[in-house]
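Peer 1: Quick one: the structure is below, questions incoming.
What follows draws every value from the coordinates through simple rules; no lab data is involved. The structure presented is a predicted model; accordingly, all values stated were derived computationally and were not measured. Cβ sites come from the backbone with ideal geometry, for glycine too, and all protein chains shown count toward neighbours.
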Amino acid sequence: MHSNRVSFPWVSVFLATAGVVLLGTGLAKVASGFTGGEVLRTYDPILGLTLGTLFGWVGAIEVVVAVVCLTSRRLGLPVVLLLWLGTSFVAYRLGLWWVGGPKYCSCLGTMTAVLHLSPATVDLALKLALAYLLVGSVVSMRALVRQAGIEGLLRM
Amino acid sequence: MNVAIPFRVWIAAAVAFAADKASAEALNPRALLEGVVSVREQIPPSYLHIRYTFESRLIRRESEYVVLFDGALRYFARTNSNERSRALFDGKDVMLLGGDDSVIVRDLDTQTSDLLFDPCALGITSYSWHITPRVAMSVDAAKISLVGEERINGRVCQHVRAENPEWTVDAWIDPSADFGVYQHETNSRGGRTTMRSVYENTAYPWLPSRVEQDSYRPDGSFMGRKIVDVLEARKAGRISMETWTLGGLLQGLTLLTWVPVTDVRKGECIGFWRDGRLGPPFPWEPAPAPPPMSFRRVAILVVLAALVAGPLVFFWLRRPPASPGPGDALPS
């Protein structure tokens, strides 16, 4: 297992940075639930859940994936989880655009207002982070599959 | 018989006639009332600390207020009570903070028992919210006359009477002392009100330092007495416009809960004051509705569900077999 980290040092670096990014966004979502902002009472246009509930669940999943990325000695599982999360987020954003949802994703919850950041800036930063997670996980997965095949991916 | 009048007598008569004419012009009764209004309307933004006492045959009530005013804009905050009581007029609306930490918004014409009279009209109004110095002095009355010179508490005053079909106002004015009104009396079908004022604060000459008001019923019987003692009066310099807002009304208060703001003219709660701003009228605001089910939404949900569950199912099915434990029999 340790040899995998040695064989793919750039995957390790990717997992570490991706873990930090996910930990930040995940904690921001969870923290949003405690600020009591009016936006938390509104409903998500796709999932039909209140944003307060959605932020709690998605934030928790992001934190779990981040912890796996930062602590797992394997490479396969965190890469699969990142690809899974990344594709889900992309599908969600496409769906949001398709149903004519809000222009900016309120993915950081009320923390945007708390930190006095403009929604446009936060939205752009989150799109870049999502692209980083998606591209990084696809490239990492391709390299790992080439080495061990799809069967051996989770063993790596 | 020598009837010729000496030249010096003619001169003296002419001077006396001119003096009388000038004096009569100076004591034009309408001009006297206008003089009072003019002085009152030019009072600079000020701070007052007043004690308001109400006495009748049955009760005696005393309360103290801090008053800020700038023209018609005014703010009254009761200071000698644990119960919060503040009132404010922002030039358009009256805002009242009650002891239950709620704010009522109403018109100047719909007066309550809260003190919010125009301080510029102190001594010439019976503490009605809507009475301005111009209204109190009846400058626009149908008939205004100079009754004559009279003494009020030893001070020589000009007694002016303004008459309307419904009421009569008598004012005793000293034009030589900043047009101070030393006595003011209103007679109407509702009874008689007499106000006597004392001016002692030479540093703040525009308003009396004490006003005693006695009210009588139409039959002449005594109804009650109101006394205002101005404990402190001074120019306040420039008062921030923020003072004449809802934020100014609630400034400095530790508010434990959301403060409901109700506009009684509309008969509805217009919002809740919290964290320095007026928010929506939660919880009576209808809750946001969940999104309606549509083809697009269903399609996206299916795709999302497949994306979320698909990889997990795929890797779960193709997970590596568990390693044999130490007690497991080895295959032959």
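Peer 1: State to the nearest 20 debye the size of the charge dipole of region B:38-193 about its Cα centre, where the only charges are +1 on K and R beta carbons and -1 on D and E beta carbons.
Peer 2: Details: 18 positive and 23 negative charges, 71 e Å.
In debye, rounded to 20, region B:38-193 gives about 340.
Peer 1: Show that you can apply the helix-only estimate: for chain B, add -39,500 (n - 2.57) for every DSSP H stretch of four or more residues, divide by all residues, and state [θ] at 222 nm to the nearest 500.
Peer 2: Values: 5 runs with 64 residues, N = 332.
Helix contribution divided over all residues of chain B: -6000 deg cm²/dmol.
Peer 1: Taking the 0 to 90 degree range and rounding to the nearest ten, how far is the long axis of helix B:7-26 tilted relative to the main principal axis of chain B, both from C-alpha atoms?
Peer 2: 20
Peer 1: Hey, how many Å between the Cα centroid of region A:13-90 and the Cα centroid of region B:65-136?
Peer 2: Cα centroid of region A:13-90 versus Cα centroid of region B:65-136: 54 Å apart.
Peer 1: Once phi is turned into θ = phi - 60°, what whole-Hz ³J(HN,Hα) does the Karplus curve with 6.51, -1.76 and 1.60 give for every residue of region B:142-157, x standing for Gly and Pro?
Peer 2: Running phi through 6.51 cos²θ - 1.76 cosθ + 1.60 with θ = phi - 60° gives 5, 9, 10, 9, 9, 6, x, 8, 9, 9, 10, 6, x, 9, 6, 10 Hz.
Peer 1: Filter the cross-link list B:92/B:235; B:143/B:235; B:92/B:266 down to pairs whose alpha-carbon distance in this structure exceeds 27 Å.
Peer 2: Beyond 27 Å: B:143/B:235.
Peer 1: Next question. What is the sum of charges, Lys and Arg at +1 and Asp and Glu at -1, for the other residues whose Cβ falls under 11 Å from the Cβ of residue B:114?
Peer 2: In short, +3.
Peer 1: Moving on to the next point. Residue by residue through region A:125-141, what is 3J(HN,Hα) from phi via Karplus (6.51 cos²θ - 1.76 cosθ + 1.60, θ = phi - 60°)? Round to whole Hz and write x for glycine and proline.
Peer 2: Per residue, the Karplus-derived 3J(HN,Hα) values read 4, 5, 5, 5, 5, 5, 4, 4, 4, 5, 5, x, 6, 5, 5, 5, 5 Hz.
Peer 1: Would you calculate the separation in nanometres between label points at residue B:268 and residue B:245, each defined as 7 Å from the Cα along the Cα-to-beta-carbon direction?
Peer 2: 2.4
Peer 1: Report the trypsin sites (Lys or Arg not before Pro) located in region B:29-112 that are in a DSSP loop and have at most 16 other Cβ atoms inside 10 Å of their Cβ, or state none.
Peer 2: The qualifying sites are B:57, B:84, B:92.
Peer 1: Give me the net charge of residue B:65's neighbourhood, meaning all other residues with Cβ under 9 Å from the Cβ of residue B:65; Lys, Arg count +1, Asp, Glu -1. It would help to have the intermediate numbers written out before the result.
Peer 2: Numbers: positive: B:51, B:78; negative: B:64.
Charge balance in the 9 Å sphere: +1.
Peer 1: Non-local amide H neighbours of residue B:147 (under 5 Å, H modeled in plane, Pro and chain starts lacking H): which ones?
Peer 2: When sequence neighbours closer than 5 places are left aside, the close amide H contacts are B:159, B:160, B:161.
Peer 1: Quick one: net charge around residue A:28, please, counting Lys, Arg +1 and Asp, Glu -1 for every other residue with C-beta under 14 Å from its C-beta.
Peer 2: Net charge around residue A:28: -1.
Peer 1: Can you give the relative contact order of chain B as a percent, counting alpha carbon pairs under 8 Å and 6+ residues apart?
Peer 2: For chain B, the relative contact order is 15 percent.
Peer 1: By its C-alpha gyration tensor, with a ≥ b ≥ c as the square roots of the eigenvalues, how is chain B shaped: rounded for a/c under 1.5, else prolate for a/b larger than b/c, else oblate?
Peer 2: prolate
Peer 1: Loop by DSSP (not H, G, I, E, B), at most 10 other beta-carbon atoms within 10 Å: where is the longest site-free stretch of chain B for GluC sites (Glu not before Pro)?
Peer 2: B:201-332
Peer 1: Helix B:29-41 versus the longest principal axis of chain B: what is the Cα-based angle in degrees, 0 to 90, to the nearest 10?
Peer 2: 30
Peer 1: Still on this model: Quick check on region B:53-113: take the gyration tensor over C-alpha atoms, sort the square-rooted eigenvalues as a ≥ b ≥ c, and tell me if it's rounded (a/c under 1.5), prolate or oblate.
Peer 2: Verdict is prolate for region B:53-113.
Peer 1: Across region B:203-216, in residue order, what do the Karplus-derived ³J(HN,Hα) couplings come to in whole Hz, using 6.51 cos²θ - 1.76 cosθ + 1.60 with θ = phi - 60° and x for Gly and Pro?
Peer 2: My calculation for region B:203-216 gives 6, 9, x, 6, 10, x, 9, 8, 10, 10, 10, 10, 10, 10 Hz in order.
Peer 1: Can I ask one more? With everything on Cα atoms, drop me the angle between helix B:295-317 and the longest principal axis of chain B, reported from 0 to 90° to the nearest 10.
Peer 2: So the inclination is approximately 40 degrees.
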